[in-house]
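Undergrad: Sending over a structure as structure tokens; questions will come in a sec.
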Amino acid sequence: MALSKLESLYMAVVADHSKHPHHQGSIEGAHQVDLNNPTCGDVISLSLKLDEAGEIVEDIAFINAGCTISTAAASMMTDLVLGKTKAEVLELAKIFSEMVQGQTDERQKELGDAAFLAGVAKFPQRIKCATLAWNALKKGLGEE
């Protein structure tokens, strides 16, 4: 069975983010959030630095030990939220969460590369992998 061009692009983007994750590491003096996915063993340590007003994501980084989807999702998320306000980040988190649960709407275009993870909805056991970094970010923003 041949893959469609879109499926091939999806696989290439996800693989690239997993093999060469963006914003990997930690930020000295930043707020640290550690989360794990007990169903598969993925773990993430997210470093989050907000501006002085506590409203804009000034810097973000992560260290993880996880599957391809978990790593790629964290990489895509860090690219997406850098420079965004808390309100924007929380809206993006909501859009992402709905998307990986199979809901579709035009706002998913706002997700950039993270929109390529829509296919996770076909594999419910992988939703927690895709949302681990987002959940760490929400916790770091005081929302979970």
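The values are calculated or read from the model by the stated rules, or taken from the named source; none is laboratory data. This one's a predicted model, so the numbers in the text were calculated from it and none came from an experiment. Neighbour counts are summed over all protein chains in view; Cβ atoms, including those assigned to glycine, are modelled from backbone coordinates with ideal geometry. Protein only, heavy atoms only, side chains kept; ligands, DNA and RNA dropped before computing areas. Shrake-Rupley method; radii C 1.70, N 1.55, O 1.52, S 1.80 Å.
Undergrad: Please pick out the residue among Glu110, Glu98 that is of a type in the set (Asp, Glu), open to solvent by less than 70 Å² (accessible area, probe 1.4 Å) and part of a helix (DSSP H, G or I).
TA: Exactly one residue qualifies, and that residue is Glu98.
Undergrad: Condition test on Phe116, is it surrounded by fewer than 16 Cβ atoms within 10 Å (Cβ to Cβ), out of contact with any Cys (no Cβ under 6 Å at 6 or more places or on another chain), among the hydrophobic types (A, V, I, L, M, F, W, C) and within 19 Å of Ala12 (Cα to Cα)?
TA: Against the criterion (surrounded by fewer than 16 Cβ atoms within 10 Å (Cβ to Cβ), out of contact with any Cys (no Cβ under 6 Å at 6 or more places or on another chain), among the hydrophobic types (A, V, I, L, M, F, W, C) and within 19 Å of Ala12 (Cα to Cα)), Phe116 does not qualify.
Undergrad: Then there is this: How many residues are of a type in the set (A, V, I, L, M, F, W, C), open to solvent by less than 30 Å² (accessible area, probe 1.4 Å) and in contact with a helix residue (DSSP H, G or I) (Cβ under 6 Å, 6 or more places away or on another chain) when one looks only at the range 17-51?
TA: 4
Undergrad: Answer yes or no: is there a residue in the range 52-59 that is in a helix (DSSP H, G or I) and open to solvent by 40 Å² or more (accessible area, probe 1.4 Å).
TA: Checking the range 52-59: not a single residue is in a helix (DSSP H, G or I) and open to solvent by 40 Å² or more (accessible area, probe 1.4 Å).
Undergrad: Okay, next question. Considering the range 124-144 alone, what residues qualify as being closer than 17 Å to Ala15 by Cα and either in contact with an Asp or Glu (Cβ under 9 Å, 6 or more places away or on another chain) or not in a helix (DSSP H, G or I) (or both)?
TA: Cys129
Each row is one residue, and each column tells you yes or no for (1) within 25 Å of Ile27 (Cβ to Cβ); (2) under 14 Å from the mean Cα position of the chain (by Cα).
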site	(1), (2)
Gly83	yes, no
Leu92	yes, yes
Gly102	no, no
Thr131	yes, yes
Trp134	yes, yes
Glu143	yes, no
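Undergrad: Which ones in the range 60-82 are part of a helix (DSSP H, G or I), among the aliphatic types (A, V, I, L, M) and closer than 20 Å to Glu143 by Cβ?
TA: Ala73, Ala74, Met76, Met77, Leu80, Val81
Undergrad: Pairs, please: C-beta under 6 Å, at least 6 apart or cross-chain, first residue in contact (Cβ under 8 Å) with a residue 60 or more places away in the chain and in the range 120-135, second crowded, with 18+ Cβ neighbours inside 10 Å and in a loop (DSSP other than H, G, I, E, B)?
TA: These pairs meet every condition: Cys129/Cys67.
Undergrad: Hey, can you tell me all the residues within the range 6-24 that are aromatic (Phe, Trp, Tyr) and at pLDDT 90 or above?
TA: Once the filter is applied, which keeps residues that are aromatic (Phe, Trp, Tyr) and at pLDDT 90 or above, the range 6-24 yields nothing.
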